[in-house]
Amino acid sequence: MSVNSTRELYVIAGPSGGGKTTLFRALLERFDHLALSVSDTTRPPRRVEKDGEQYCFLDRATFEAGIEAGRYLEHAEVFGHYYGTSKDRVQALWDQGKDVILEIDIQGAEQVAKSHPEATSIFILPPSMAVLSQRLRDRGLDDEAVIERRLSEARTEIEAARDFDWLVINDEFERAFQEISAIIEAWPTRGSRRQAEIEALLAE
Ligand code: 5GP
């Protein structure tokens, strides 16, 4: 995995039910140069999920073979299931000229911060624990035991938000979307992207 890619790598994290999915889906619609890397997981698909769309669904043996073979840019066990970012999938998107978004948990975000220090990390915070709890129930995807577990996990995740570059509070979709869009729109002014302009100025 090249650390010298001229393309950007964005890590988006935050507790489940915090509104991450809605925000990054809207980002993908607004910005053509962005693409989401579909992760591998050993979690069974939910009713609405299709293999290759939300995730590539693998069995544990296949996933573990992938870890052994060094196929993952990062991977973690979340709620008893493996999740991982395929190096090849990220590279393929970079090769298409895309900037890549990873929607991953905090363990994965920590690994990416080490292996790709130039990556931009964005944490989506819920406005309150009460709102988070309500959103998890409203989406009707998980049973009560899973919701309770996700809420306690959310606290651990929120602790890790301190280490992120950008914190977006998802109190209201439009406002949060403006904020996260501003982060993406600032990308051309990053130092790593302006090397050619510096060279041109110095050559004058
Ligand atoms: P869910 O099962 O609700 O889709 O996701 C559970 C958690 O796994 C979420 O926090 C999500 O961000 C995280 N996750 C999804 N894909 C990956 C991945 O490729 N790597 C890591 N480390 N976490 C992931």
- Message: Need the C-alpha centroid separation for region 181-203 versus region 120-140, integer Å.
- Response: 34
- Query: If the viscosity is 0.890 mPa s and the temperature 25 °C, what translational diffusion coefficient in µm²/s does Stokes-Einstein give for region 97-173 when Rh comes from Kirkwood over Cα pairs?
  - Reply: 176
- Task: With springs connecting C-alpha atoms under 10 Å apart, model the chain as a Gaussian network and identify which of T41, T189, T85 has the largest mean-square fluctuation.
- Result: T189
- Item | For region 13-44 and region 69-98, distance of Cα centres in Å | 14
- How far apart, in nm, are the 7 Å Cα→Cβ label points at A130 and K114? 4.0
- Query: Hey, got the dipole for region 22-172? About the Cα centre, +1 on K and R Cβ, -1 on D and E Cβ, debye to the nearest 20?
  - Reply: 220
- For the chain, what proportion of DSSP beta bridges, expressed in % and rounded to the nearest 5, is antiparallel? 30
- Item | Cβ-derived FRET efficiency at R0 25 Å, D59 paired with A26, nearest 0.05 | 0.15
- Would you mind getting the Kirkwood hydrodynamic radius of region 16-87 from its Cα pairs, rounded to one decimal in Å? 13.3
- Task: Using +1 at the Cβ of each Lys and Arg and -1 at the Cβ of each Asp and Glu in the chain, identify which of A109, Q96, G66 lies farthest towards the dipole's positive end.
- Result: G66
- Task: For the chain, with a Gaussian network of springs between Cα atoms less than 10 Å apart, report the residue from I106, I124, I169 with the top mean-square fluctuation.
- Result: I169
- Straight-line reach check, K50, cutoff 29 Å on alpha carbons, 8 or more apart in-chain or any other chain, hits among lysines -> K20, K87, K98
- Using helices alone, what [θ] at 222 nm do you get for the chain, with -39,500 (n - 2.57) per DSSP H run of 4 or more residues, divided over all residues and rounded to the nearest 500? -13500 deg cm²/dmol
- Query: Points 7 angstrom from Cα along the Cβ direction at R137 and Q96: gap in nanometres?
  - Reply: 4.0
- Query: Please state the relative contact order of region 1-102 as a whole percent: Cα pairs under 8 Å, 6+ residues apart?
  - Reply: 38
- Could you grab the relative contact order for the chain? Cα pairs under 8 Å, six or more apart, rounded to a whole percent. 29
- Message: When only alpha-carbon atoms are used, what values of Rg and Dmax, in angstrom, describe the chain?
- Response: 17.6, 66
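Bear in mind these aren't lab numbers, they're just calculated from the coordinates by the rules spelled out. Note that the structure is a prediction, hence the values are computed from the model and not measured. Glycine also receives a Cβ, built like all others from the backbone with ideal geometry; neighbour counts cover every protein chain displayed.
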